[in-house]
Amino acid sequence: MLNVDAINNGIVVDHIQAGTSLELYRLLELDKLENASIALIQNVRSNKSGKKDIIKIEGDVSALNLNILAYLDPGITVATIQDGKIVSKKRPDLPRKLVNVIRCRNPRCITSVEEECEHIFLLSSTGQYRCAYCEQAFEMKPE
Amino acid sequence: MRHLIDPLDFTREEVENLLDLADRIIADPAAYQEVARHKKLATLFYEPSTRTRLSFEAAILNLGGSVLGFPGADVSSAAKGESVADTIRVISAYADIAAMRHPKEGAPLRASRYSGIPVINAGDGGHNHPTQTLTDLMTIRRRCGRLDHLTIGLCGDLKFGRTVHSLIKSLARYEGIRFLFISPKELRVPSYIITDVVEPAGLEYQEVRSLEDSMPQLDILYMTRVQRERFFNEEDYIRLKNTYVLTEDKMKLAGPNLAVLHPLPRVNEISISVDDDPRAAYFEQAKNGVYVRMALIMTLLGLPDPKQKEGN
Ligand SMILES: [Zn+2]
């Protein structure tokens, strides 16, 4: 496997669906991360799923909302690395609230007309995301 | 700052306190005619709904307050593209409380987040209409003396009927409620209402097609309109529309303590001949709507109840 510098302190976001790491970079707002260096590794050969992407982040990641990863791609794992050793590897929990991650598609919703209205989704008890304004459940677009 | 945006914003206990207050107002309206003196209600109706607007206006006037309103979106700032967030910030400087009707779902919630005064959702598109729900609950409680252990039939358009969905959500908080969902298959209650609301509450329910068969079991019959535009073709509409019309004949099948509710306006889904039946509660329901709005305005403004002794 291609090895872009082993991480000393930081995280490795692994098992990302191949070709989607740039999108994650944007949604995680990694460009706003100060004091961290980031490597996007695309199309890594993987036994599990054929190909995958990996994001490695060296530095302070405390500002990141990693929970949205669980929403975006439930297969993703996050390994936390301290002093060169993996101290934990887990799937993030689903976030209770998504702000400006997905957009409400209900044309009757206030978010469709109101200026500078945040798109807020809340996790329902049945594991669906519903728009905070109109309560319409968000459904992934069919590919 | 309290608002009423979603029918479930109030706890069960808060709802019952509100209905108790409405009952006290009915018992002695004169005692309440000055309690909101110098208070102004802004009616922000971005789409016309004369009935709801007048109900709110009657409520504040009955309490000795006054009304500020704009007549409709076409002549208001909304037409000039002002956001709901900006409008409510301005209105907060003019009025003490606002009732907002808006064609877009979630508009009152958006407003409440920027408001300096309590906001009441007076209907947001096909979404929520909490004061209608409170009116329904009040009418059920006054007729049946309780909100638990009742068999409730909801009939007609259960798919698009927002008053139906809100009522189900509210009643699902009480024990021993049994629902009969009476509708054509085209207008069945949405599955999320069953999976997210009724089943988690552990309540008994049945989806049925026949209003006639349901009549003998019911404590409450909540009628809604079956609208022509909900059907793909005219034949289906014609075939089904009479099935869901309440007539004197169908009333004969029901028990003596049934109460028939309808959010109004009705078109033809309840025959006029049913109006004189003592079990018809829909005009009383409209009247209750004013009292429940009076109680709501007092509650949100924190106005003291003249009939409630100190320390109570
Ligand atoms: Zn929405």
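A short reminder: the numbers here are calculations on the coordinates, not readings from a lab. As the structure is a computational prediction, the values presented were derived from the model and not from experiment. For neighbour counting, all protein chains shown are included, and Cβ atoms are generated from backbone atoms with ideal geometry for every residue, glycine included.
Each Cα pair under 8 Å and six or more residues apart adds its sequence gap; the mean of these over the residue count of chain B is a relative contact order of 19 percent.
GNM on chain B, alpha-carbon springs under 10 angstrom: the most fluctuating residue among B:Tyr32, B:Tyr244, B:Tyr114 is B:Tyr114.
Shown for chain A: cysteine residues without a partner Cβ closer than 4.7 Å, namely A:Cys117. Helix-only mean residue ellipticity at 222 nm, chain B, DSSP H runs n ≥ 4 weighted -39,500 (n - 2.57), per residue, nearest 500. What is it? Counting only the DSSP helices, I get -10000 deg cm²/dmol. Taking chain B as a Gaussian network of alpha-carbon nodes connected by springs under 10 Å, the highest mean-square fluctuation of the residues B:Thr139, B:Thr299, B:Thr50 belongs to B:Thr50.
Give the shape of segment B:171-266 as rounded, prolate or oblate, defined through the alpha-carbon gyration tensor: a ≥ b ≥ c are the square roots of its eigenvalues, a/c under 1.5 means rounded, and otherwise the shape is prolate if a/b is larger than b/c and oblate if not. Oblate, since a/c reaches 1.5 and b/c is not below a/b. Packing order of peptides B:129-138, B:230-239, B:262-271, B:146-155, highest average first: B:129-138, B:146-155, B:262-271, B:230-239 (average count of other Cβ atoms within 10 Å over each peptide's residues). Each Lys or Arg adds one and each Asp or Glu takes one away; over the other residues whose Cβ falls under 10 Å from the Cβ of B:Phe45, this sums to +1.
Which of rounded, prolate or oblate describes segment B:89-161 when judged by the alpha-carbon gyration tensor and an a/c cut-off of 1.5? Oblate. By a straight-distance test (C-alpha under 16 Å), which aspartates and glutamates pair with B:Lys307 as possible cross-link partners, with residues fewer than eight away in the same chain excluded? Filter leaves B:Asp20, B:Asp23, B:Asp28, B:Glu34. Only one residue of A:Ile81, B:Phe45, A:Val61 has its Cα farthest out toward the positive end of the dipole of the protein assembly as shown, where Lys and Arg carry +1 and Asp and Glu -1 on Cβ, and that residue is A:Ile81. Shielding by partners for peptide B:107-113, expressed as the average number of C-beta atoms from other protein chains within 10 Å of each residue's C-beta, is 4. Excluding same-chain neighbours fewer than eight residues apart, the aspartates and glutamates reachable from A:Lys56 by a Cα-Cα span under 13 Å are A:Asp5, A:Asp14. The aspartates and glutamates within cross-link reach of B:Lys252, meaning a Cα-to-Cα straight distance under 16 Å and a gap of 8 or more places when in the same chain, are B:Glu212, B:Asp213, B:Asp219, B:Asp275, B:Asp276, B:Asp277. Note on chain B: GNM, Cα springs under 10 Å; of B:Tyr46, B:Tyr94, B:Tyr192, the largest mean-square fluctuation is that of B:Tyr192.
Pairs A:Lys97/B:Lys39; B:Lys241/B:Lys287; B:Lys39/B:Lys169; B:Lys169/B:Lys241: which exceed 30 Å Cα-Cα?
Check vs 30 Å cut-off fails for A:Lys97/B:Lys39; B:Lys39/B:Lys169.
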